[in-house]
Amino acid sequence: MRLGPFFETRLEYAEQSDSSPYQYETIQHCKSLVDTPMEFDFHELRTYPIPGGRPSMLALDESLVRLDLKAKGKDDAIRQVASMLSESNCVDPLYEQSMLSREKLTETGTYLGGGIAIPHGLRDDSYLIRRTAIAVGQFPNGVVWGSDMVFLVIGIAAKTDEHIQVLANLAGVLQDETVSNRLAQTKRIADIVAMLTSDKPPERESTSYTADFKHAVDVTIAGAAGLHARPATTFAGIARQFEADIKVRFAGKTANGKAMASLLTLGVERGRVIRILARGKDAEQAILRLEAAVVSGLGEIPGPNDEAPVARTRTALRFAGDLRKGVGASPGIAMGEAFVLEKMTIHIEEKAGRYQDERNKLLSALMAARQELQKLIAEVTVQAGRKKAEIFLAHQDIIDDTDLLEETNRELQAGLSAALAFKKVTERRAVQLSVLKNELIAERADDVRDVANRVLRLLSGAGPTALMKRLPTFPVILITEDLSPSDAASLDPKRVIGLVTASGGPNSHTAILARSLGLPSVVGVGREILTVRGLLIIDGEGGVVVVAPSDADRALALRAMSEMAFEAANAKRDAYRPAMTQDGKRFETVANVGSVEDVVAAVEAGAEGIGLLRTEFFFLKRNAAPTEDEQYEILLRMAKALRGLPLVVRTLDIGGDKDVPYLQLPHEDNPFLGLRGIRLCLAHPELFEPQLRAIVRVAAQVPPGSIRVMFPMIATVSEFKDAKAALEKFRLAFNAPSIECGIMVEVPSAAMMADAFAESVDFFSIGMNDLTQYVLAMDRLHPSLAGKADGLHPAVLRLIKIVVDAAHAKGRWVSICGNLAADRIACPILVGLGVDELSVSPAAVAALKARIRNVTNKEAQVLAKRALACESAEEVRQLL
């Protein structure tokens, strides 16, 4: 278990300040003993000094410790502890619901180990905490907590660092089973108070076991979601190409660099620094190769059409029946009979034979599992594409994990059977992952359990599970505690029309596969859903399950399903018709692309041109920058595919979340505010000029006006003038026709100065993702803030209006770039704001055109005016 970023932050401070040895030792000790991340946000500790020598102690009030309690179940136990906190005026009564919601995020919830659970609220609900406090409930008869039994429930409400010693002491309790047993049965409140508030200084962690690694490098994880399954698989795959012993160190923990599952237990989030260590024959080469791979994002640089968990794109359906709230994982409406899939029981042979026999059984099962996965990868590649199949490449890596095998071997040597040993080790690894702060990594625990079940099934002698054979022959909505990725990949959408899970999250591999199958899905509904039978409605976008729907609910669902089917069919049929409002206003609908293949797909989807060509994709997945001729050839192929339709080429935009390792650019502490986009290009003419020459060479060979150039991340008028002057120099040299030049409006200064820019630019393209994150100061890739970085926030809409008015006053046109334009609510508002062009992914073009045809420009203008007067994005979304 890891108490995560809190201790990492404290340690950073302790290492860089005059903190007392006691502070440093306490924090380091907690880091070494505990791996479970707490859902608390202690970022303020980066700014404010830690006072005094020892951390301030929380005086555990004896009135907040209650003995000999009884509970009907986990939720009841949490409510009792939450009531203790609210009755003492430590938290708002609503904090109880926050604790219950947090508990549903993972299968194991807040179980810590040793018969102890630590329920606490969601990070975003910290405002409900009035003062830091801990309440302890003792349940001598035990409370069922998932698959575990809990005797001590410690409810935590933390706003400051006062509870640090309690958490440190819990680490000690977990390591001593006799102590945890005694606390579970004691009749004296003083025993619990004394154990949890003792301030005996712990010993400092030793790191001598990595001291003999001669080669090491510190590098920042650059991928969008941290070191989760795919990048960890890539890292381990590269590491295994070297003979050197390779370790990765982060936050006081060390992982095997050649084992994906081991790397996941580090819980590294985006933007955090890891240390790669290597020793042996080719250690230096390994370090260089791995450093470059990490800097380049380990294959996780976001592409133009990357999938994301479902986001609301329409007004919520107002069902009136028995509603069960979960998390929308895959959009769409489904109505049908519920079928609850019972968990298959796998026989675990506990009686062990000779060590060598058990080891041979395990190795045979692992080999058979590997063969099954190879077949599954081939099937998923055909059905859903190579990227979805990579999920099961990660499963293969788990099977090949040498650390996992060594741990299992130690259990075999201790006398356990092959099945019991493998179950024990994989479950331990799954628990380590499930409690990590990074939700994307935490949900990889499902993958470990999926692999474990596959191997355990083979060890038991059972054949393939054949999920579809266990289901009725008629279409059903499948309800299950959680569905493994392997089972999700086998679903037939003709017989499974919707999916509901009691646990799991929207980033799980199961959710990703459901989206690829177009299967409406709601996850994390809670275990009560497993008792439901009869007719159900699920809203995969709203994250709602309607149990025993009324006639009105059924009518509403049928109407919504009919409308969606009708819209999709009409959109596809009319994809090549212009996008014109019902009162005759025409809007250009174009596409965002990154490759020649994307351009072809865009034209086939009905796009009227390319509104954004991301030329940075020419530079990725290479060992050197593309030459001028290479860029010329790609651009020429795109222009020919468009046959005179406009191609807006955005010049190289790297920096921020897009790094190119071979360019060897200096490290920046805040790359989003550093040398990015046009700033980088102007500072590196060796990159900028070959690209400009390639662009004007193509412009000289295609119909005049079909090639346009757009400069990214423009903040000042002088930046635009410098960039245009560089382009103009080469245009004259190649005798190319006049080329329209515009800017990306991604920086608030460009929007506020739009009237000044309109004197010299030919057009504006508003980059919704970056503009939103800069206006709201919210990282669009942040796991907690990404959902709040909504482009429909009135502050963003008002800037768009400023740009539109300034542009039109000088006869310039304005484009909106980003899939928000295809949002059912955003589309009419953007139309009403007066933009001239909407640029989305090729897959969204037909639907975008259909939405424009369904509104009048006059109605859209009224709606936009109302949106500008709103106070929040939520209020804007309620307008429809």
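Every read-out reported here was derived from the displayed coordinates using simple, explicitly stated rules and does not represent laboratory data. Remember, it's a predicted structure, so these values are computed and weren't measured experimentally. We place every Cβ from the backbone using ideal geometry, glycine too, and count neighbours over all the protein chains shown.
For the range 732-739, the Karplus equation 6.51 cos²θ - 1.76 cosθ + 1.60, evaluated at θ = phi - 60°, returns couplings of 5, 5, 9, 6, 7, x, 4, 10 Hz by residue, with Gly and Pro reported as x. Ranked by the mean number of other Cβ atoms within 10 Å of their residues, highest first, the peptides 838-847, 798-807, 561-570, 640-649 come out as 838-847, 798-807, 640-649, 561-570.
The peptide list 352-359, 365-372, 268-275, put in order of mean Cβ contacts within 10 Å with the highest first, becomes 268-275, 365-372, 352-359. Please compare each pair in Lys810/Lys858; Lys253/Lys281; Lys253/Lys325 to a cut-off of 26 Å on the Cα-Cα distance and tell me which ones are over it. Among Lys810/Lys858; Lys253/Lys281; Lys253/Lys325, the Cα-Cα distance tops 26 Å for Lys253/Lys325. For Gly321, the residues whose amide H sits under 5 Å from its own are Ser550, ignoring neighbours fewer than 5 places away on the same chain, with H placed 1.01 Å from N.
Close amide H pairs (under 5 Å, H built 1.01 Å from N) link His215 with Ala278, residues at least 5 positions away or on another chain. Backbone geometry of the range 138-143 corresponds, through the Karplus equation with coefficients 6.51, -1.76 and 1.60 at θ = phi - 60°, to 3J(HN,Hα) couplings of 9, 10, x, 7, x, 10 Hz, x marking Gly and Pro.
With θ taken as phi - 60° and the Karplus curve 6.51 cos²θ - 1.76 cosθ + 1.60 applied, the whole-hertz 3J(HN,Hα) list for the range 262-270 is 5, 5, 4, 5, 5, x, 7, 8, 4 Hz, x standing for glycine and proline. Ala751: net charge of surrounding residues, Cβ under 10 Å, Lys/Arg +1, Asp/Glu -1, itself excluded? Around Ala751, the charge tally is +1. Count Lys and Arg as plus one, Asp and Glu as minus one, and take only other residues whose Cβ is under 11 Å from that of Glu349; the net charge is then +1.
Taking amide H as placed 1.01 Å from N in the peptide plane, Ser330 has its amide H under 5 Å from the amide H of Ser521, each at least 5 places away in sequence or on another chain. In this structure, the residue pairs whose Cα-Cα separation is over 19 Å, taken from Lys343/Lys494; Lys801/Lys865; Lys640/Lys729, are Lys343/Lys494; Lys640/Lys729.
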